[in-house]
1. Using Cα-Cα distances under 8 Å and only pairs 6 or more residues apart, what relative contact order does the stretch 1-66 have, in percent?
2. Pairs of alpha-carbon atoms within less than 8 angstrom and 6+ residues apart define the contacts here; what relative contact order does the chain have, in percent?
3. Normalised by the empirical 2.2 N^0.38 Å for globular proteins, what value does the Cα Rg of the stretch 180-279 take?
4. Could you work out [θ]222 nm for the chain from helices alone, using -39500 (n - 2.57) per DSSP H run of at least four and dividing by all its residues? Round to the nearest 500 deg cm²/dmol.
5. What are the chymotrypsin sites (Phe, Trp or Tyr not before Pro) within the stretch 233-305 that DSSP puts in a loop, where the Cβ has at most 13 other Cβ atoms within 10 Å?
6. For the stretch 52-103, what's the relative contact order in percent, using C-alpha pairs closer than 8 Å and at least 6 residues apart?
7. Between A233 and E18, what is the spin-label point distance in nm, taking each point 7 Å from the Cα along the Cα→C-beta axis?
8. Please list, short to long, the whole-number percent of alpha-carbon pairs of the stretch 165-208 in consecutive 5 angstrom bins beginning at zero.
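Just so it is clear, none of the values below were taken in a lab; they were calculated from the coordinates. Model, not experiment: these values are computed from the prediction. In this analysis, Cβ positions are derived from the backbone assuming ideal geometry, glycine residues included, and neighbour counts consider all displayed protein chains.
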Amino acid sequence: GFGWKRYHTLDEIYAWLEYLGKQYPGQVRVVDGGRTYQGRPIKGVVLNFGRQTNGTERSTVFIEGGIHAREWISPATVTYIVNQFLTSEQPEVRRLAESYEWHIFPSFNPDGYVNTHNRVSAARFFIFYTHISRTNVNDVFFNSQNRLWRKTLSVNGFCRGADANRNWGYKWMSGGASNNPCSDTFAGRKAFSEIETRSMAEYIDTVGKKLYAYISFHSYSQLLLFPYGHTKAHLDNYDESLSIGKKTIAALAKRYGTKYVTGNVAETIYVASGGSMDWVKAKYRVPVVFTYELRDTGDYGFLLPANQIIPNAEEVLDSLLAMFKEARVTI
Ligand code: 0X9
Ligand code: ZN
């Protein structure tokens with residue numbers, strides 16, 4: 001079976017999504033949300049347990065994982081949530097699952113994720129040095145294949161990839177982003193230069209007006225962030241977001257004592273512009289918008305051991321129950 005005792009490859013995740021579509025034909029629809037630079041689909045699932053949605057009611061929730069390739073705990077957490085929504089018999093989980101239509105994408109950056117599962121081998125370097133003209137220079141010189149890859153894989157001169165969380169078209173390149181294609185926070189040649197962000201933005205546009213919540217999963221640092229990243233100003237429903245954030249991290253801490261910090265991006269970590277959640281918040285005024293920075297605080301960092309997938313995901317699900325409960329009374 002699939003399971004959450006180890007991290008999965010993209011192929012395994014996609015095969016599992018397809019399996020869910022067959023296993024739960026009435027509740028699960030597998031969707032191709034977009035395309036990648038290398039031509040992979042960006043697959044997601046739409047979960048609906050019979051809730052009727054119309055064009056104006058905010059009854060849809062969007063969940064995004066894996067926009068940064070190396071943050072493996074993100075897709076693992078997102079698939080865990082999908083599984084709980086389909087199989088849990090806990091009344092609070094059932095109620096949450098059945099209250100919304102869910103559009104859930106475990107990996108917004110499939111090329112990058114695949115890249116983190118490949119290793120640069122000695123043989124590859126040898127082949128490069130002996131057949132220099134036939135090998136992609138970018139692949140070998142610029143460290144494009146490794147476990148700590150973050151960006152997309154588009155070719156930009158001598159370097160590869162843009163930071164897919166700096167490439168969205170709201171306040172693009174207005175702080176905390178780089179115009180150097182070799183930087184890990186390269187914002188791209190222009191807003192939406194990356195086909196991944198462009199095609200997922202188009203998908204989000206189809207549900208934008210119906211969105212009640214948008215949740216993005218990253219790692220690491222144990223933070224629950226909300227918009228915006230380009231300014232420390234308290235914009236939109238800052239006060240509501242802060243109070244929901246506090247209740248959410250309190251619920252998260254209950255099970256295992258894991259401590260999170262909540263606040264807007266710019267005040268809590270650093271200025272960062274062009275992120276997906278900021279674009280969604282600004283364009284559709286979505287009331288509940290959060291980015292999780294999952295476990296841990298740096299002991300293992302991006303290389304979080306697989307035996308933490310389940311405890312991490314359990315406490316996150318606890319926190320989501322609180323988030324949606326609190327949002328209902330606050331907003
Ligand atoms: O820098 C980022 O993109 C995120 N942190 S990470 O260490 N996972 O790279 C924070 C994203 C904050 N969200 C926005 N800037 N909208
Ligand atoms: Zn990230």
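1. Details: 48 pairs, mean separation 13.9, N = 66.
Here the relative contact order equals 21 percent.
2. Working: 696 pairs, mean separation 67.1, N = 331.
The normalised contact order for the chain reaches 20 percent.
3. On the way: Rg = 15.3 Å, N = 100, 2.2 N^0.38 = 12.7 Å.
In units of the 2.2 N^0.38 Å rule of thumb, it is 1.21.
4. About -11500 deg cm²/dmol.
5. Y270
6. On the way: 32 pairs, mean separation 25.3, N = 52.
RCO, the stretch 52-103: 49 percent.
7. 4.8
8. 5, 25, 30, 21, 11, 6, 2
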